[in-house]
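What follows is a single structure, written as structure tokens, with notes after it.
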Amino acid sequence: MSRFPDYYKLLNVSQSATQDEIRTAYKKESLRTHPDRVVNASPAEKKTATERFQAVADAYYVLSDPTRRREYDTLYGTRARGERSEDPASSSNAFFSQFANMFGGGAGRASGTAAGAGASAGERPDAEGVFADVFEELLRPEVERHVPWWSWFGAVCGAGLGFIIANFPGLMLGAVAGNRLGAVRDAKGKSVAAVFSDLGGNQKAEILRALALKVLGSAF
């Protein structure tokens, strides 16, 4: 018997949930399941968390868009309770391909919502992209707390040049100027998702704990 992904159960919301409730539920579940939140996780634990994190992103991608949700609900209503599953394995590339073909590319249409990012017709959404888009407002300042490599490099180079030109005062001014230029170099053309993905495991875990404190009221 085929298993149908129950996105309402994956997000722990009712079928009558509002868009705000779905967004809030996604924030909570994505933080709980993000594979980078536990630095010392075993490969098996990491794999399980990654699958769940992707399934939660799938659920939000579908239910956050009125058209995709309406089309999903049509399918949902044709499946018996026993055929619906919150097992992450039930949500797959095959399901998304079938979903898109059945409804003329419904799963891949641009909707103007954050969940529309990172997916084209028949493709699953990029879980990290969905996460970064939804958490853009909270994630950006947390990411920017971790000064990128180019900022430090710029500060050192600027300080050296400033010291040569004007000794200690020049060193201080050069360091500040170099740091700012380095920050511009790092930020240019990079999305929050790209910057976040480039951070180390400990930095990601620290940021995720900070987001959890703001959204869940606890660091897991």
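Read-outs throughout are calculated quantities, based only on the coordinates presented, and are distinct from any laboratory measurement. No experiment lies behind these values; they were computed from the predicted model shown. Neighbour counts are summed over all protein chains in view; Cβ atoms, including those assigned to glycine, are modelled from backbone coordinates with ideal geometry.
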### Message
Over the Cα atoms of the range 1-82, each weighted equally, I'd like the Debye log10 I(q)/I(0) at q = 0.12 Å⁻¹, rounded to two decimals.
### Response
-0.38
## Note on the structure
The set of residues whose placed amide H lies less than 5 Å from the amide H of ARG84, leaving out same-chain residues fewer than 5 positions away, is PHE4
### Task
Report, in debye and to the nearest 20, how large the dipole of the range 1-67 comes out about its Cα centre when Lys and Arg carry +1 and Asp and Glu carry -1 on their Cβ.
220 debye
